[in-house]
Amino acid sequence: MEEKEVKTFQFVVVGGGIAGVTCVEQLSSQTPCADVALITAGPHIKAVTNYRQMSRTLEEFDVEEQPSSILQEKFPNLSVIHSAVRSLDTKSHRVQTADGRYFGYNKLCICSGGRPKLLSQDNPHVLGIRDTDSAQEFQKRLSNARRIVVVGNGGIALELVYEVEGCDVIWAVKDKSIGNTFFDAGAAQFLIPSLEADKPAAAAPCKRLRYTTEEPTPEAAQTFTADRHSRGGSSASTESGSALGPDWHQGIILKGSEQVTRRVSVEYQCEVENIFTSKDHLTSSQGTHRHENESWPVYIQLTNGKTFGCDFIVSATGVVPNSEPFINGNTFAVAEDGGLCVDDHMLTSEPDVYAAGDVCTACWEHSPLWQQMRLWTQARQMGWYAGRCMAAHASTQPIELDFCFELFSHVTRFFNYKVVLLGKFNGQGLERDHELLVRCTKGHEYVKVILSRGRMVGAVLIGETDLEETFENLILNQMDLTPYGEDLLNPNIDIEDYFD
Ligand SMILES: Cc1cc2nc3c(=O)[nH]c(=O)nc-3n(C[C@H](O)[C@H](O)[C@H](O)COP(=O)(O)OP(=O)(O)OC[C@H]3O[C@@H](n4cnc5c(N)ncnc54)[C@H](O)[C@@H]3O)c2cc1C
Ligand SMILES: NC(=O)C1=CN([C@@H]2O[C@H](COP(=O)(O)OP(=O)(O)OC[C@H]3O[C@@H](n4cnc5c(N)ncnc54)[C@H](O)[C@@H]3O)[C@@H](O)[C@H]2O)C=CC1
């Protein structure tokens, strides 16, 4: 066999998203004499800017799309190669790119991210949102749309139903309440009025121990109409670009073809039964469709028996890790969700191959207060830690799991509220004996803490509560809070002073 020309680097990182870029930044600065290569499919890279540590584990930053020359100017030992990795041979320690070149490595980190897990791969009426191109396509299609159906109940769906205007939105969720990847039914109930036209009634604090909420029945649908003017000043392929950054929707106009109002109808506890094109729909003999005079490009039939015609469907149904080009021909341990399994040094099951960000699945024994979610905070933390591990292993130095994996923390915005999630914020994996304390003031704040055997193990803070640092400390120090009882959430007690 003809011997190919192979350029070998000490460190090769694949992927120009947050995980990959943070990893090469760490490697290039920690080992300035080593040759480092970043191989990425997209023309741009994602850089973390304005990084701010808000507390021990909470962090905020902006994400900027930049030309890769900025990175190369900063790190003379870094080469950026713009091509997609097509295959990996872990035995010979080399990768092949789409343009036919081979690159050797001593240590490799795979940070190829994920792509939308679409309801249908080849239906042109089903869109996913991941990178700049897909967001632009969505914007273009939306500008002519009168009605769209959003399927999914996580981050993207929550953002879209709030931001889209000038178009009817049917929101199909599998669950009993909205936003189930982030919230329980109580928080969902707090947020729902933000989709309505009327301002919430005068704020009145309420506090209850164990709480119950009325949930919609399986057949239930709720419609929320908001006049734009009444809103508070709110601001798929394996070679897709990097995932969008914070506030991605603020730079683009998410407006349909209709004027004036936003109208969101939520269809609870249903999944997608079938998707028909207009022609199929008209010739279909099934009698379950809701008959409408209008004709639509596509029809979606839900498991609750309803069928909706619409201009297009947004599949906001999660992420699939981009692991295929690396798996073929190798013996990687792959998790159930398709991610490359990594240990507590971000090492995969193949020698000298690390992985970080959305492409990997954290397979080490987690701290009782941490879980993986495919978020940019975790992509940054994993990329940074993987870079440190690679450098430490190259010089046979010991390294311990970073503190950021002790406690899950996430800060974001939904429906124009600040949202902070800490620890086991939804009681994930906890025994049934855990207790919830909730304080909510309609339209102002929602505070929930999860206590297990008197210790705080998680919290959801919606609104400007200013409680994140105190609660983070209480979770980290695992103090017995039984003596404080309900005073923990007493709005008349300044909790910061209380625990000084
Ligand atoms: C619309 C949207 C909104 C989001 N909002 C938030 C939010 O508010 N908060 C939050 O925390 N998270 C959010 N996320 C999630 C967050 O963006 C991701 O978890 C994070 O960016 C993942 O980073 P990554 O580097 O692992 O992957 P990616 O950003 O997907 O980067 C992967 C990189 O690898 C490259 N690549 C892929 N395959 C190959 C290959 N074979 N060869 C070479 N290069 C390859 C790609 O071109 C890309 O540069 C959002 C995601 C989306 C889609
Ligand atoms: N502010 C934030 O923190 C944001 C984070 N993100 C992240 O970006 C990534 C992509 O976002 P999403 O696609 O919203 O993923 P997600 O993982 O947040 O939510 C996926 C949702 O789709 C549902 N689902 C899955 N398969 C389904 C099916 N066949 N039918 C109906 N529903 C189905 C799930 O139950 C879940 O509610 C995620 O990692 C998410 O965490 C996205 C937007 C905002």
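For segment 472-477, backbone phi angles converted through the Karplus equation (6.51, -1.76, 1.60; θ = phi - 60°) give residue-by-residue couplings of 4, 5, 5, 6, 5, 8 Hz, Gly and Pro being listed as x. Taking each residue as 0.36 nm, the span from Leu430 to Ser349 lengthens on full extension beyond its C-alpha to C-alpha distance by 26.2 nm.
For segment 86-185, applying the loop criterion from DSSP together with a ceiling of 12 other beta carbons within 10 Å to the trypsin sites (Lys or Arg not before Pro) yields Lys91. Note on segment 409-498: dipole from Cβ charges, positive end direction compared against Leu467, Tyr417, Tyr484; the farthest Cα belongs to Tyr417.
Per residue, segment 409-498 exposes 42 Å² of accessible surface when a 1.4 Å probe is rolled over the protein heavy atoms with every protein chain present. Helices in the chain, meaning DSSP H runs of at least 4 residues, each add -39500 (n - 2.57). Divided by all residues, the mean residue ellipticity at 222 nm is -5000 deg cm²/dmol. Here each label is just a point 7 Å from Cα along the line to Cβ, and for Ser92 and Thr303 those points are 4.8 nm apart.
Shown for segment 23-66 is the translational diffusion coefficient from the Stokes-Einstein equation, using the Kirkwood radius over Cα pairs, a temperature of 37 °C and a viscosity of 0.692 mPa s: 262 µm²/s. Among the trypsin sites (Lys or Arg not before Pro) in segment 352-460, those placed in a DSSP loop whose Cβ has at most 11 other Cβ atoms within 10 Å are Arg432.
Computed from the C-beta positions of Ser69 and Asp99 and an R0 of 22 Å, the FRET efficiency is 0.70 to the nearest 0.05.
Here the chain has 46 percent of its accessible surface on carbon and sulfur atoms, given a 1.4 Å probe and all protein chains in place. What you get for segment 409-498, charging only the Cβ of Lys and Arg (+1) and of Asp and Glu (-1), is a dipole of about 500 debye around the Cα centre.
Is the shape of the chain best called rounded, prolate or oblate, per the rule: a/c under 1.5 gives rounded, else a/b larger than b/c gives prolate, else oblate, with a ≥ b ≥ c the square roots of the Cα gyration tensor eigenvalues? In terms of gyration-tensor shape, oblate.
Residues whose amide H lies under 5 Å from that of Phe414, counting only those 5 or more places away or on a different chain, are Val419; hydrogens are built 1.01 Å from N in the peptide plane.
Less than 15 Å from a label point 7 Å out along the Cα-to-Cβ axis of Ala333: which backbone N atoms in segment 339-375 qualify, by residue? It comes to 339-355, 360-366, nothing else. May I ask you to derive the FRET efficiency for His444 and Thr181 from their Cβ-Cβ distance with R0 = 25 Å, giving the value to the nearest 0.05? With R0 = 25 Å, the Cβ-Cβ based efficiency is 0.55. Between Glu324 and Asn416, full extension at 0.36 nm per residue minus the direct alpha carbon distance yields a gain of 29.4 nm.
Here, segment 409-498 yields an orientationally averaged convex hull projection of 5.8 nm² when only Cα atoms define the hull. With both partners inside the chain, how many of the DSSP beta bridges are antiparallel, as a percent to the nearest 5? Counting DSSP beta bridges with both partners in the chain, the antiparallel share is about 60 percent.
A Förster distance of 35 Å, applied to the separation of the beta-carbon atoms of Asn490 and Gln136, puts the FRET efficiency at 0.10. Under the simplified labelling scheme, the Gln250-Asp122 pair shows an inter-label distance of 4.1 nm, with each label point 7 Å from Cα along Cα→Cβ.
Where a ≥ b ≥ c are the square roots of the eigenvalues of the C-alpha gyration tensor, would you call segment 46-156 rounded, which needs a/c under 1.5, or, failing that, prolate if a/b is larger than b/c, or oblate? It is oblate, given that a/c is not under 1.5 and a/b is not larger than b/c.
The values are calculated or read from the model by the stated rules, or taken from the named source; none is laboratory data. Quantities reported herein were computed from a predicted structural model and do not represent experimental measurements. Cβ: placed from backbone, ideal geometry, glycine included. Neighbour counts: every protein chain shown. Heavy atoms of the whole protein, side chains included, go into the accessibility calculation; ligands, DNA and RNA do not. Shrake-Rupley method; radii C 1.70, N 1.55, O 1.52, S 1.80 Å.
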